[in-house]
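One structure below.
Values quoted throughout were computed directly from the atomic coordinates according to the rules given, and no laboratory measurement underlies them. Predicted model, so just to flag it, every value in this text is computed and none were measured. Note that each Cβ is placed from the backbone with ideal geometry, even for glycine, and that neighbours are counted across all protein chains shown.
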Amino acid sequence: EDQVTQSPEALRLQEGESSSLNCSYTVSGLRGLFWYRQDPGKGPEFLFTLYSAGEEKEKERLKATLTKKESFLHITAPKPEDSATYLCAVQAWGSNYQLIWGAGTKLIIKP
Amino acid sequence: KAGVTQTPRYLIKTRGQQVTLSCSPISGHRSVSWYQQTPGQGLQFLFEYFSETQRNKGNFPGRFSGRQFSNSRSEMNVSTLELGDSALYLCASSSREDTEAFFGQGTRLTVV
């Protein structure tokens with residue numbers, strides 16, 4: 001069964017303390033992996049798409065990487081405004097393009 | 001370029017009533033998906049429409065239905081509302097089946 005697991009469920013960091021969020025997946029064949037950021041009461045905001053192992057994407061303090069089993073979202077020197085829930089979703093070949101979502105990681109950055 | 005627009009933003013309904021939510025996708029996007037999100041839960045997939053056809057459906061009861069019009073605008077309907085239907089309902093659109101989806105701000109439905 002196709003599955004996406006995100007860890008940790010919640011992460012508290014001090015401002016400037018770098019860390020990584022994990023998204024591990026089990027699918028028959030990965031078509032694409034998507035990262036989103038969601039603020040409370042709002043719709044998710046698209047961050048990155050990754051398609052193949054070894055691929056990396058960067059945006060400001062965020063960097064997403066992909067292996068054959070998992071993806072990492074690295075956050076460097078985070079600021080309080082980076083606090084949000086980060087969601088990961090995968091699309092598998094032969095899935096009729098349906099996305100499978102992880103439960104998310106709630107990131108809190110303390111000033 | 002305008003984003004995904006969902007209306008209304010907030011809604012309060014009574015148990016047993018029905019409700020219709022609307023979603024206008026980004027111009028040119030033909031795929032529209034609907035999700036339910038409750039506190040502590042991840043995104044629960046409801047259904048997806050592509051060019052007016054329902055392509056995928058999640059594990060929700062038949063009280064939840066949707067449709068897509070020729071201009072790609074979509075509506076979802078929930079009949080015989082239950083307290084447990086209280087949630088944030090999100091709509092997302094994408095230009096192609098395998099590209100990223102862009103979300104609206106959601107409709108917050110409260111059932112009392």
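Quick look at the numbers
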| read-out | value |
| --- | --- |
| Over chain B - Rg/Rh using Cα atoms and the Kirkwood inverse-distance radius | 0.95 |
| Over chain B, relative contact order from alpha-carbon pairs under 8 Å, at least 6 apart, % | 37 |
| Value of D in µm² per second that Stokes-Einstein yields for the protein assembly as shown, Kirkwood Rh from Cα pairs, at 25 °C (0.890 mPa s) | 136 |
| Selection from B:32, B:58, B:87, by position along the positive dipole direction of chain B (Cβ) | B:87 |
| Residue-by-residue Karplus 3J(HN,Hα) for segment A:45-59, coefficients 6.51, -1.76, 1.60, Hz, glycine and proline x | 10, 5, 10, 9, 10, 10, 10, 9, 4, x, 6, 9, 9, 10, 8 |
| Chain A pair-distance distribution - Cα-Cα, 5 Å bins, rounded % | 2, 13, 24, 25, 19, 10, 4, 2, 0, 0 |
| 27 Å Cα-Cα threshold exceeded, pairs from A:57/A:79; A:106/B:13; A:42/B:57 | A:106/B:13 |
| Chain A: relative contact order as a whole-number percent, Cα under 8 Å and 6+ apart | 36 |
